[in-house]
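The values are calculated or read from the model by the stated rules, or taken from the named source; none is laboratory data. What you are looking at is a predicted structure, and each value in this text was computed from that prediction instead of being measured. Please note: Cβ atoms are built from the backbone with ideal geometry, for glycine as well, and neighbour counts cover all protein chains shown. The accessibility values were calculated without ligands, DNA or RNA, using every heavy atom of the protein model including side chains. Shrake-Rupley method; radii C 1.70, N 1.55, O 1.52, S 1.80 Å.
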Amino acid sequence: MLLTLQACAISGLFNCITIHPLNIAAGVWMVMNASVLLLCEAPFCCQFMEFANAVAAKADRLRSWQKAVFYCGMAVVPIVISLTLTTLLGNAIAFATGVLYGLSALGKKGDAISYARIQQQRQQVDEEKLTDTLEGEL
């Protein structure tokens, strides 16, 4: 996680070294993104800030899919502002972290046997409902 923050922050600083205002805005967003992610995921790095533990506690209460949306959303904004190689590489790791949180929200893949059993149970329930409606008409 710290690699993500370092890549995003360093790329943001490199992005700010320009005269193009959109690149500067994207670089500032990337540095802010790295700071927010550092505060949420590694509060021990911000132990002298009084509000760090409160922010980390709120971030820990979020579900995995909410963290995925947050990380991916924060990583996409600088790319939308300024599509350069620096913004792509700097935000790729943060976006990948969001994707991993999203995959963890989906859970593990079920096996074919349990899937077939569930389908068979659904089919039996549907057949029972159909026979009940037909018997009710007679």
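Just a few scattered comments:
- Any hit, the stretch 8-29, residues being under 21 Å from Q66 (Cβ atoms), part of a helix (DSSP H, G or I) and at pLDDT below 75: yes
- Pairs linking a residue in the stretch 91-111 that is among the aliphatic types (A, V, I, L, M) to a residue that is open to solvent by 70 Å² or more (accessible area, probe 1.4 Å) and modelled with pLDDT of 85 or more, with Cβ atoms under 9 Å and 6 or more positions apart or on different chains, are A105/R63; A105/W65; L106/W65.
- Qualifying residue in the stretch 73-85 (condition: within 22 Å of M30 (Cα to Cα), of a type outside the set (G, A, S) and not in a helix (DSSP H, G or I)): yes
- Across the stretch 57-78, the qualifying residues are those that are open to solvent by 30 Å² or more (accessible area, probe 1.4 Å) and touching a residue at least 40 places away in the same chain (Cβ under 8 Å), and the one among them that is nearest to M32 (Cα to Cα) is V77.
- Test for L88: is it more than 17 Å from L37 (Cβ to Cβ), in a loop (DSSP other than H, G, I, E, B), out of contact with any strand residue (DSSP E or B) (no Cβ under 9 Å at 6 or more places or on another chain) and open to solvent by 70 Å² or more (accessible area, probe 1.4 Å): no
- For the stretch 30-72, the tally of residues that are hydrophobic (A, V, I, L, M, F, W, C), within 23 Å of I10 (Cβ to Cβ) and outside any helix (DSSP H, G or I) stands at 3.
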